[in-house]
Amino acid sequence: MFQTLYSYFWWERLWLPANVTWADLEDRDGRVYAKASDLYITLPLAFLFLVVRHLFETYVATPLAGLLNVKEKIRLKATPNAVLEKFYAATTKHPKQADVEMLSKKSGCTVRQVERWFRRRRNQDRPSLLKKFREASWRFTFYLIAFIAGMAVIVDKPWFYDLREVWKGYPIQSMLPSQYWYYTIELSFYWSLLFSIASDVKRKDFKEQIIHHVATIILISFSWFANYIRAGTLIMALHDSSDYLLESAKMFNYAGWRNTCNNIFIVFAAVFIITRLVILPFWIMHCTLVYPLDLYPAFFGYYFFNFMMVVLQSLHIFWAYLIIRMAQKFITGKARGGLGSDREETDNSEEEEEAAKNGPLSNGHPILNNNHRKTD
């Protein structure tokens, strides 16, 4: 049974053009070709990335946060209440007015006290500013290094300047060591993002992030199996070109450097739109959709690869809409508190009351929404 499924999965007509077999891609005469087994190493490397990330966040990002004076907001804790806690955990974190009135009767609290309790309880669950800064620092470091490495891999290749060279001789295109390591590191990193997404800061585009990570892993893996390596390296470098700008904007936002954050975000928005909404669809996708048909008839791999490209492009359009809205607010001066969509919930009268008792509260910094390709 397993052998039958294995044979169907690796049926040559799914992965390769007509009249091409796996035998044509066997190593010979010093030429090395991509193999599925090459990617097995990405799973243990993904866990190694998680270890390196922990060490980086502990020994690099945390001290850096201290140098940049990243300060936490003092959060008022919700008073323990079994009735409200049960409703919060089992039903909803945002009760409707009818629910608030019902809970008021059950818990013996006033309606205002119930509303205040849910505000404080939600704020308790929000990730700390330091956690967000550490995550942004890690991604900034990786994306910047990956972009520089990716450009080093492709900038001297003829297909970087002439996209028709991407398909010259396809699929009999040997693999370079630099391409192997570029693919291995990128795929391992995205596996690590997928493994850690449940424990990372949860954003409003959580579902879109999962779709993005899965689609990216599938696209990278498939392009390797089908020897779409030249196109794959171009696509990965294109995506890395803007991501480090977004992460650096987040870092400055958490540090309270609002003007620096806003200026970097405007640059990020411009680079994102140019690369994801212009270069990707009108150059790269044109290259993967049109040029191959001059060399061979369309096959399953051709359709599947371009379908996954459309999925990614759809996510880019969704994120571009959010980015443009935010950029407009910065340009017109309507943005309040930087790139914030995860702000603390406060009540002025409540804060004044607490300030009278305990002194003035420290104001925290607004939170930057993490969208990857993403606004990740």
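The values are calculated or read from the model by the stated rules, or taken from the named source; none is laboratory data. Everything quoted here is computed from the prediction, not taken from an experiment. Quick reminder, even Gly has a Cβ in these numbers, built from the backbone with ideal geometry, and neighbours come from all protein chains shown. To get the accessible areas, we keep the full protein, side chains included, count just its heavy atoms, and leave off ligands, DNA and RNA. Shrake-Rupley method; radii C 1.70, N 1.55, O 1.52, S 1.80 Å.
Things to note:
- Per residue, the chain exposes 50 Å² of accessible surface when a 1.4 Å probe is rolled over the protein heavy atoms with every protein chain present.
- For region 81-210, a Kirkwood radius taken over Cα pairs fed into Stokes-Einstein (10 °C, viscosity 1.306 mPa s) yields D = 81 µm²/s.
- More than 23 Å apart - percent of Cα-Cα pairs taken over region 55-133: 39
- Summarising the label geometry, the points placed 7 Å from Cα in the beta-carbon direction at ALA89 and LEU289 lie 5.1 nm from one another.
- Rounded to the nearest 500, the 222 nm mean residue ellipticity of the chain from helices alone is -19500 deg cm²/dmol, with -39,500 (n - 2.57) taken per DSSP H run of at least 4 residues.
- Summarising the overall dimensions of region 178-237 from its C-alpha atoms, the Rg and Dmax are 12.5, 36 angstrom.
- Evaluated at q = 0.14, 0.16, 0.17 Å⁻¹: base-10 log I(q)/I(0), Debye formula over Cα of region 140-291: -0.76, -0.98, -1.09
- Globularity ratio of region 211-333, using Cα Rg and 2.2 N^0.38 Å: 1.22
- The largest-to-smallest principal axis extents of the Cα set in region 89-146 are 57, 17, 15 Å.
- Whether region 1-111 is rounded, prolate or oblate, judged on the alpha carbon gyration tensor where a/c under 1.5 counts as rounded: oblate
- Of the residues GLN97, VAL278, ILE266, the one whose Cα sits farthest toward the positive end of the charge dipole of the chain, with +1 on the Cβ of Lys and Arg and -1 on the Cβ of Asp and Glu, is GLN97.
- Accessible surface of the chain, 1.4 Å probe, proportion on carbon and sulfur as whole %: 63
- Approximate spin-label separation ASP27-PHE307, in nm, with each point projected 7 Å along Cα-to-Cβ: 3.3
- Segment ARG164-THR4, length gained on full extension (0.36 nm per residue, minus Cα span): 53.9 nm
- In terms of Cα atoms, the Rg and Dmax of the chain work out to 24.8, 82 Å.
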